[in-house]
Structures are given as C-alpha cells and as structure tokens.
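A quick write-up on the structure given underneath.
Laboratory data are not the source of any read-out in this text; all were calculated from the coordinates shown. This one's a predicted model, so the numbers in the text were calculated from it and none came from an experiment. For neighbour counting, all protein chains shown are included, and Cβ atoms are generated from backbone atoms with ideal geometry for every residue, glycine included.
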Amino acid sequence: MSIIQRRTLLAGFAGAGALSLVRHGARAQAWPGATHALRYPFNVPPLTYGYAANEPSVCQAIMQLHHDKHHAAYVTNLNAALAPYPDLQRTALPDILGNLAAVPEAIRAAVRNNGGGHVNHTMFWQVMGGRGGAPEGEVLAALNRSFGSLETLKAKFNAVGVGQFGSGWAMVVLDRAGGLKVEARPNQDSPMMDGSQVLFGNDVWEHAYYLQYQNRRADYLKAWWDVLDWRRIGERYAEAKAGTLAV
Ligand code: MN
C-alpha cells in the first residue's frame, strides 16, 4: 500500500466519526448525501473518457491543461491550506463550503477559491464526455417544468454565461424545494456555499475556452451542449432528489 493510499484510507476512517457527528449534530444538513465524499487529502478525479472525447467542441489540449493543470492546482492549494488544520481535514468538503464562516480567516479565501474550484471541476468533468442531444425521463420533465423547453433553457443558460463578467460559471442550480434555476456564480463560488446544489454547469473562465475560441465565449457556450452527458445529468438529478449527490 502506498503512503498516499494509506493516508486516504486513514482519512476515510477518521471521516466516519466526523460524519456521525454531522448527522447527529445540531447543524441541519440540507444535502446529507454531500457528506459521503470529498475528504482530505483531496485528489483530482480521473476523467472517465479520453482527453479528445469532447472534440470538436472542446479540444484535447484544453482538456489536458484544464484537468491536469488547472484542476490539479486547486487541489494542491486546497490541501496546502488545510494541512495545518486537522479538524477541517476530518470534515467533508461540502460541509466546509456550506459553512465558510466557520473556517479560520487565515485560510478562508484559499478554501473558498480552491475548495470551490475542486467541487466545481469535479462536477464539470462528470457532465461532459457525452454526445449532447436531449435529456429524457424525470430530468427532462423537471427541466420542462422549470424552463418550458430545452431551447428556452439553453438560451437562458448561454445568456447567463456570456453575461458573467470576468471569471465564473453558468449553472443549473437546484434549490432546497427541488426547483431548477439558471444562475451564474463568480470566480470559483459553488452553490454549496449558499445551500443549493448544481445539476450541471459550464466553466466560463478564459482557461476553459481561450486556446480554441479566443474571445468568442458565446461560440464556446453554444458548442458545449454537444458534449453533455444527459444520462449522467439524469443520474445527478435522481441523486439530488435522494440526497446522495456528492458534488
Ligand atoms: Mn476551470
């Protein structure tokens, strides 16, 4: 067993105690499933598809840089920020992000930026690698209830993505009542920070598209729908409803 594997295992066992504390503690958990994953020391989850799987919408070079360098930097910086804080190391990341006010001020900005970056990108890789098209089943019904049609959702989502000034995300967010909304988040803020969850979202930081699209963010947003994995998004919707959506 490597040192890293052993550390991961130990962190998992340590986390089991923290989990029961959270479950039986005073703080209400809006999304109990969120406590099942994402513990220190964090790792970049491997892609479940090849770097070229999202071509031509997102080129291989962007996928490699984005996953292997940008996401990895968030994880490295997050681990470094938490290194001197054993209590926080025992807390699942969604619980940390859901209560940033409790994070020591010395590392609060680093945890917000890099923890947010870790959960946002973990979600992002999950919902890509597909062939676009249209959703089916329950998630289609939910999207239709909230937006009227897939075309209306896309138009609204793309407008929010183009309109996000500077770096950030366009997202379809689930509120606690199960409603779906299109919202932007600046920088690496996550809906977990305000008690919501994300069904899917697109990264509109320049690092996500500039190499291929330069200043044409609108073209990137439009092309991105062609690589969505609607099957996985349908699973995410079911997991959110069941309280088991991790990130
Ligand atoms: Mn990114």
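Quick notes on this structure:
- Per-residue ellipticity at 222 nm, computed for the chain from helices alone with -39500 (n - 2.57) per DSSP H run of at least four residues, works out to -14500 deg cm²/dmol.
- Here the 3J(HN,Hα) profile of the stretch 131-147, calculated from phi with Karplus coefficients 6.51, -1.76 and 1.60 at θ = phi - 60°, is 10, x, x, 10, x, 9, x, 5, 5, 4, 4, 5, 5, 5, 4, 7, 10 Hz, Gly and Pro shown as x.
- Each eigenvalue of the Cα gyration tensor of the chain, multiplied by 5 and square-rooted, gives one semi-axis; in descending order these are 29, 21, 17 Å.
- For the chain, size of Cβ-based charge dipole, Lys and Arg +1, Asp and Glu -1, in debye: 340
- Each residue of the stretch 48-53 is assigned a 3J(HN,Hα), and the resulting list reads 9, 8, x, 4, 8, 5 Hz, derived from the Karplus form 6.51 cos²θ - 1.76 cosθ + 1.60 (θ = phi - 60°), x at Gly and Pro.
- Note that the stretch 91-97 has calculated 3J(HN,Hα) couplings of 9, 5, 4, x, 6, 5, 5 Hz, one per residue in order, obtained from phi through the Karplus relation 6.51 cos²θ - 1.76 cosθ + 1.60 (θ = phi - 60°); glycine and proline are x.
- Among Leu174, Leu78, Leu153, the residue with the largest mean-square fluctuation in a Gaussian network model of the chain, with springs joining Cα atoms closer than 10 Å, is Leu153.
- Selection among Asn215, Tyr40, Trp125 by position relative to the dipole of the chain gives Tyr40 as farthest towards the positive end (Cβ unit charges, Cα centre).
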